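Written out below as structure tokens is the structure these notes cover.
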Amino acid sequence: MPTIKLKTKVPGPRSRELMARRNDSVARGVSSATPIFVSSAEGAVLEDADGNRFIDFAGGIGCLNVGHRAPGVISAIRAQLHRCLHLCFSVTPYEGYIRLAESLNRLTPGEFRKKTLLVNSGAEAVENAIKFARAYTGRQAIICFEDAFHGRTLLTMSLTSKTNPYKAGFGPFAGEIYRVPYAYCYRCAYSMQYPGCGAFCARHIEDTFRRVVSASAVAAIIVEPVLGEGGFVVPPAQFFAVLADICKHHGIVLIVDEVQTGFGRTGALFASERYGIEPDLIVTAKSLGGGLPIAAVTGRAEIMDAPGPGAVGGTFGGNPAACEAALAVLNAFETDGDNGLTARAERLGNRFAERAREWQRHMPLIGDVRGLGAMCALELVRSRDTREPAEEETKAIVRFCYEHGLVVLSTGSYNNVIRLLVPLVIGDDEFEEGLHVLQRALKSVSLSPELAPARSGPGAGSTKATGARSARAPSRPAQ
Ligand code: PLP
């Protein structure tokens, strides 16, 4: 029995009516990737206001690794509702906050003494990680990366790379932020000069210390283990080994932003484990709360204790119900053992890669297939030689998908990447059904008379997934 069930054309009449009200009442700057108004959700399935049923490959942008309404999360929240809803940890503390801090201290990578701060959102956690690093080192400068995304507040927007829509018109930005290239191997700026590069982009930071900002002024390097909004870019492990060495050598705090990669997404509880790195500070959010807003900074006790009492925190940070939900999420990972959600993430990722490589053989539109665990993606290009980003085609695929019962998101600095953030609890049949819709979307767009001609030409049949061509600029000619 298929899961997808469409009773109306999508969006249906009720969703269209709600969209009109939304347009009248909600700020235009809040975007919605689909025009579907959801009335209920379970596992990896959404039902909209018109009674249409969708498979969810987006999970509220990676917030539902344990699934919509995970039973453990629901019962933990329910139990908390009978005790108290809000106290403010800065006024009258409560045990749930401590239990969650203890769990995060224990479960995050690194065999050293750790402490945790709980806040409400990924951006707030990143802001605080920077505060900890500055207070601890007494330095101000921060190094971040091209194509990074760390949030939309003033400081995190300044750390974020993509200009439109995140930064254009919102300056001036926060100072003392220095940006260097990430290991985006498919669009590498260096590989023509340094074949077999040995993570040249990371090593190049030493040069930045000479030419741009002194290492002795740098408080922290902040990095995503896999770029989220930047296009699901998975660097080689060597990239992080070099970064960790540089940080250690210069007394710089290594902050790893696991907001999107955390909690099983990449086939380990934290992506840092997949690279064998032990961040000084690790930032988590999204799937931590199993659907409730909560975020954390966890790291070396001496760094976390650098700011004095009252210097960090907030009214709602570590809300009691959100703490219980997060504890239930962690419990789901701990009790499932080797056959649990992290193993499932790996299996889903492998299955996706298998299907996607097969598609790639027949569809020149698919330039790159990549991923780590179930954080997987397709980078779409108009030509495999120039690697010109296929932005319009990507939009058309997202649209085809939701019109045919699959919610899927695009991403990337060039808006040309289809990404999967499917709840890890999805059933095998549901996953295959979703992949089938995605396949139909890719085929339909590949064959579309308006979009297809631009992709013909030299190299259209190549199956090379990643390469050493310099292709950073969107429409750079073949070299
Ligand atoms: N950091 C990363 C890597 C993210 O992906 C995001 C959000 O997508 C953030 C930070 C900001 O999180 P929030 O939207 O909860 O503020």
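Throughout, read-outs are computed from the coordinates displayed, never taken from laboratory work. This is a predicted model, so every value here is computed, not measured. A quick note on method: Cβ atoms are made from the backbone with ideal geometry, for glycine too, and the neighbour counts reach across all protein chains shown.
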> Once the other residues with Cβ under 12 Å from the Cβ of VAL10 are scored (Lys, Arg +1; Asp, Glu -1), what is the net sum?
Replying inline: +4
>> Nearest 500 deg cm²/dmol is fine: what mean residue ellipticity at 222 nm does the chain get from its DSSP H runs of n ≥ 4 alone, each adding -39,500 (n - 2.57), divided by its residue count?
In response: -11000 deg cm²/dmol
>> Restricting to Cα pairs below 8 Å that are 6+ residues apart, what does the relative contact order work out to for the chain? Please round to a whole percent.
In response: 22 percent
> To one decimal place, what Kirkwood hydrodynamic radius in Å is obtained for region 18-73 from all pairs of distinct Cα atoms?
Replying inline: 12.6 Å
> Using alpha-carbon pairs under 8 Å, 6+ residues apart, how would you state the relative contact order of region 371-420 in percent?
Replying inline: 42 percent
> If each Cα of region 379-429 is one equal point scatterer, what is log10 of I(q)/I(0) from the Debye formula at q = 0.17, 0.26, 0.31 Å⁻¹?
Replying inline: -0.57, -0.96, -1.14
>> In Å and on Cα atoms, what radius of gyration and Dmax does region 50-182 show?
In response: 18.9, 56
> So which of LYS167/LYS443; LYS7/LYS395; LYS9/LYS162 end up more than 32 Å apart, counting from Cα to Cα?
Replying inline: LYS167/LYS443; LYS9/LYS162
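Loop sites only, by DSSP: take the GluC sites (Glu not before Pro) in the chain that have at most 11 other C-beta atoms within 10 Å and name the longest stretch containing none of them.
Answer - 112-449.
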>> In Å and on Cα atoms, what radius of gyration and Dmax does region 341-455 show?
In response: 13.4, 42
>> Can you compute the label reach from ASN331? Point 7 Å from Cα along the Cβ direction, backbone N cut-off under 12 Å, restricted to region 287-324.
In response: 324
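Can you give the extra length, in nm with one decimal, that the chain gains between CYS84 and LEU154 once fully stretched, where that is 0.36 nm per residue apart less the Cα-Cα distance? Don't jump to the answer; show the numbers that get you there.
Numbers: separation 70, 0.36 × 70 = 25.20 nm, distance 3.30 nm.
Gain on extension, CYS84 to LEU154, equals 21.9 nm.
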> Quick one: length gained pulling LYS5 to PHE316 fully straight, 0.36 nm per residue minus the C-alpha distance?
Replying inline: 108.0 nm
> Using a simple charge model, +1 on the beta-carbon of Lys and Arg, -1 on the beta-carbon of Asp and Glu, nothing else, what dipole does the chain show about its Cα centre, in debye to the nearest 20?
Replying inline: 900 debye
> Dividing the alpha-carbon radius of gyration of the chain by 2.2 N^0.38 Å (N being the number of residues), what value is obtained?
Replying inline: 0.96
> Across the Cα atoms of region 1-98, what radius of gyration and what greatest pairwise Cα-Cα distance (Dmax) are found, in Å?
Replying inline: 17.7, 53
>> Run the numbers for LYS395 and ALA189: contour at 0.36 nm per residue of separation, minus the present Cα-Cα distance, in nm.
In response: 71.5 nm
>> What are the extents of the Cα atoms of region 194-290 along their three principal axes, in Å, largest first?
In response: 44, 31, 23
